[in-house]
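Participant: First the structure, which I've put down as structure tokens, then a few questions once you've had a look.
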Amino acid sequence: MTLSPTVPRRRAAAGEAHRLLPRPLLVIITLFLCAMVLVPVLYIVLASLNTDLGVAEGQFWPGSFSGTSYTKIWTTANLSTGILNSLVVCGLVAVASALLGTITAYVLVRFSFLGRVTILRALVGLQSIPGTLLLLPVFVLFSSAGNYLGLTVIGTRWGLFVAYLTFALPFSTWVMVTYLRGLPRELEEAARTEGASTLVILFRIIAPLSLPAIVVSGIFAFLLGWNDVLFASVLTSPETQTAAVALQVFGSTQEGGALPVYSQMMAAALICAAPVVLLYLIFQRYLVGGLTAGGVK
Amino acid sequence: MIDDRTTTRAAPGTSGDGTAAGREPVGRRRRGVTQQQRPLWLLAPGGILMTLVIGLPLLLAGYLSLIDLDQYTLRRWLQAPFIGVGNFTEAFQTGLLHSIWISVSFAVISTAVTAPLGVAAAIVTQNAYRGRGVVRAIFLIPYVLPSFVVASVWRTMLQPDGIVNTLLAKVGVTGGLWLSGPKSYWTLILVEIWAAWPFIYLMALAGLQSVDGEVHEASALDGANWWPKLRHVILPYLRGPVLLACLLATLSHINNFTLPFVLFGAPAPDDVNVMPMIVYVTSFQGLRFGLSAAMAIVSLLLIAVPLFAYLRALRLDVHEDGRAR
């Protein structure tokens, strides 16, 4: 996508004339904001490298560094099942949303028809409706599939997959709409005059040209699923729970124990964050731009 | 932010009518082609799926709010008794107004605090200096971390025997309970602020980059001091994008379920019983599905105001962008 906040080089080089703040003020604000972010993050990392006992004693800086929390956590919490489930479900959601989103967005961008603007508006609006409003009827539909049709949907992975499409699909479609609008028509028009069918144009011309955007829309769909707690906490069973639910359950159950396992808690949280951070590190430019384009985390 | 090229293209889609006449000249020239061979059948897979997984549930949510649906009637919900607005009147009698108040005040306070933070962050990273890339990356950390991770780690840090109280005790302050009682409301706001300000930062940064280099040079030649320059030259450029960001941020604060749920657990303390929490608890712990559907509908109406403003502002912003160029 062409949506990343990077500054053109000439402006960066211009120097003093463009300074917006006096240097002392700039330094103070920067340090304040960095400290606000880094102090908790530093503590999380340090605590995860500490022992449960050390964290319980209130150490900020570990008495001794060890990675034991990272090895113990796999037996303490149901984390591996959760991560596997999250990867499978969100991976499928990503592929389905990116594929369907691209096709739908192409028609929405290139062809005019009655109701087109309404659909575009709805795609934006849908990203802001409360998740609880969708979860309730989805839950009732899923449970009645069990009652009326004898199908078990609640507690299965594919039930969660369908539920995640409710927010991933409009979002991926919208990401593709914003991208495809910027794509010049000339290439496909040339192909069309030579008699290429729409499908050929879509898969031979549009798809290769917009591959980065397709990947990004898939990643966003993946992240929406990965970050969800609401749907997963209702629609999964212990066997199919996602990483987010596994962490949440671990967090709320461990507090009752005699010795708090805060260090393992921090390690588990960082493990759950790792795939997301990794995706951002790899696709930083595209994802950051896309965030503001869609306005959704 | 959508970049200039896409924004101008975006104008016909997000605004006005969808007819070919409202589109760019290129569209008009090629109207013959687009009109004759519209492969609308390609909409079918995505369209049918969205109708099934979004349209149908939304309609059903409206119907659910009008029937008396609980754990007994759930098995045969098609036969559940129709009670009209009964759920709505009951919702307002059982603390919904309190939740609306908590949600709205929480969202407004969070936005009001994150907006200046985000704008300040955008301004301090606008000028290039050695290490700016690192600072920008640091600013993004709270936003990149998944909400459930942020909530989990803060929940751990804010335990009665957690690090926050330990550090506070060292400077002689008694922290007390952060996750229950009246202080939980401010805990929710503080954690939300910590997690959400980078969004405003990103939007403000995009706005700052639409300021031309010439504007800086002109005001520098005028010998303008930093504050008048910032106040009268730079900040006006930011008004549109930041207002838009504030609208979106407010919407996402109101809809935020993950943070209160993971921080406080369900049922939440009374002081943080925000709309998504009361809906969730009423349905999946109280098993009063009809009642909670009514509450969910009310929360939709609640966000309809800022959402409508946003959908309109989206168009306004495009126009402003166009003028700015």
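The values are calculated or read from the model by the stated rules, or taken from the named source; none is laboratory data. Just so it is clear, the structure is predicted and the values come from calculations on it, not from any experiment. We place every Cβ from the backbone using ideal geometry, glycine too, and count neighbours over all the protein chains shown.
Participant: Output the qualifying pairs, or none if there are none: Cβ atoms under 6 angstrom, residues six or more apart or on different chains, first residue in the stretch B:122-147 and more than 25 Å from residue A:243 (Cα to Cα) and more than 7 Å from every other protein chain (Cβ to nearest Cβ), second residue small (Gly, Ala, Ser) and part of a helix (DSSP H, G or I).
Facilitator: Filtered contacts from the stretch B:122-147: B:122/B:204.
Participant: Could you check, for the stretch A:95-111, whether at least one of its residues is in a loop (DSSP other than H, G, I, E, B) and out of contact with any helix residue (DSSP H, G or I) (no Cβ under 6 Å at 6 or more places or on another chain)? Steps first, answer last, please.
Facilitator: Narrowing the stretch A:95-111 to residues in a loop (DSSP other than H, G, I, E, B): A:111.
Going one step further and asking which of them are out of contact with any helix residue (DSSP H, G or I) (no Cβ under 6 Å at 6 or more places or on another chain), we end up with none.
Among the residues of the stretch A:95-111, not one is in a loop (DSSP other than H, G, I, E, B) and out of contact with any helix residue (DSSP H, G or I) (no Cβ under 6 Å at 6 or more places or on another chain), which makes the answer no.
Participant: Which of the residues that make up the stretch A:200-216 are within 23 Å of the chain's Cα centre (by Cα) and away from chain B (no Cβ under 12 Å)?
Facilitator: So in the stretch A:200-216, the residues within 23 Å of the chain's Cα centre (by Cα) come out as A:207, A:210-216.
Correct list: A:207, A:210, A:211, A:212, A:214, A:215, A:216.
Participant: Something else about it: Could you tell me how many of the residues in the stretch A:118-143 are hydrophobic (A, V, I, L, M, F, W, C), in a helix (DSSP H, G or I) and either within 17 Å of the chain's Cα centre (by Cα) or at the interface with chain B (Cβ under 7 Å from one of its Cβ atoms) (or both)?
Facilitator: 9
Participant: Oh, and also: Identify the residue in the stretch A:83-117 that is of a type in the set (Ser, Thr, Tyr) and more than 8 Å from chain B (Cβ to nearest Cβ) and, among all such residues, is surrounded by the fewest Cβ atoms within 10 Å (Cβ to Cβ).
Facilitator: The qualifying residue surrounded by the fewest Cβ atoms within 10 Å (Cβ to Cβ) is A:86.
Participant: Any residue at all in the stretch A:154-161 that is more than 9 Å from every other protein chain (Cβ to nearest Cβ) and at positive phi?
Facilitator: yes
Participant: Okay, moving on. Only one of these conditions is not met by residue B:158: (1) of a type outside the set (Lys, Arg); (2) closer than 16 Å to residue A:45 by Cβ; (3) buried (at least 16 other Cβ atoms within 10 Å of the Cβ). Which number is it?
Facilitator: So residue B:158 meets the others, but not (2).
Participant: Got at least one residue in the stretch B:280-290 being under 20 Å from residue B:115 (Cβ atoms) and either under 22 Å from the mean Cα position of the chain (by Cα) or assigned to a helix (DSSP H, G or I) (or both)?
Facilitator: No, because not a single residue in the stretch B:280-290 is under 20 Å from residue B:115 (Cβ atoms) and either under 22 Å from the mean Cα position of the chain (by Cα) or assigned to a helix (DSSP H, G or I) (or both).
Participant: Let me ask another. Kindly evaluate residue A:261 against the criterion of being within 30 Å of residue B:38 (Cα to Cα) and touching a residue at least 40 places away in the same chain (Cβ under 8 Å).
Facilitator: Details: within 30 Å of residue B:38 (Cα to Cα): no; touching a residue at least 40 places away in the same chain (Cβ under 8 Å): yes.
Considered against the rule, which asks whether it is within 30 Å of residue B:38 (Cα to Cα) and touching a residue at least 40 places away in the same chain (Cβ under 8 Å), residue A:261 comes out as no.
Participant: Here's something else I'd like to know. Could you list, in sequence order, all residues of the stretch B:57-105 that are at positive phi and in contact with a strand residue (DSSP E or B) (Cβ under 8 Å, 6 or more places away or on another chain)? Break it down into steps so the answer makes sense when it comes.
Facilitator: Here is the first cut: in the stretch B:57-105, the residues at positive phi are B:84, B:95.
Correct list: empty.
Participant: Moving on to the next point. Pull up the stretch A:51-76, narrow it to residues that are within 11 Å of chain B (Cβ to nearest Cβ) and touching a residue at least 24 places away in the same chain (Cβ under 8 Å), then point me to the one that is surrounded by the fewest Cβ atoms within 10 Å (Cβ to Cβ).
Facilitator: So, considering only residues that are within 11 Å of chain B (Cβ to nearest Cβ) and touching a residue at least 24 places away in the same chain (Cβ under 8 Å), the one surrounded by the fewest Cβ atoms within 10 Å (Cβ to Cβ) is A:56.
Participant: How many residues are at the interface with chain B (Cβ under 9 Å from one of its Cβ atoms), part of a helix (DSSP H, G or I) and closer than 19 Å to residue B:43 by Cα if we restrict to the stretch A:184-199?
Facilitator: 2
Participant: How many of the residues making up the stretch B:69-119 are under 30 Å from residue B:142 (Cβ atoms) and hydroxyl-bearing (Ser, Thr, Tyr)?
Facilitator: Selection size over the stretch B:69-119: 6.
Participant: Could you check, for the stretch A:226-240, whether at least one of its residues is assigned to a helix (DSSP H, G or I), within 12 Å of residue A:86 (Cα to Cα) and modelled with pLDDT of 90 or more?
Facilitator: Looking through the stretch A:226-240, at least one residue is assigned to a helix (DSSP H, G or I), within 12 Å of residue A:86 (Cα to Cα) and modelled with pLDDT of 90 or more.
Participant: While we're looking at this one, here's another question. Pick out the one residue from B:58, B:52, B:78, B:97 that is without any contact (Cβ under 8 Å) to a residue 60 or more places away in the chain, outside any loop (DSSP other than H, G, I, E, B), loosely packed, with under 14 Cβ neighbours inside 10 Å and not assigned by TED's automatic domain parsing to the domain that holds residue B:284.
Facilitator: B:78
Participant: Looking at (1) out of contact with any Ser or Thr (no Cβ under 7 Å at 6 or more places or on another chain); (2) over 24 Å from residue A:265 (Cβ atoms); (3) buried (at least 24 other Cβ atoms within 10 Å of the Cβ), find the lone condition where residue B:301 falls short.
Facilitator: Condition (3) is where residue B:301 drops out.
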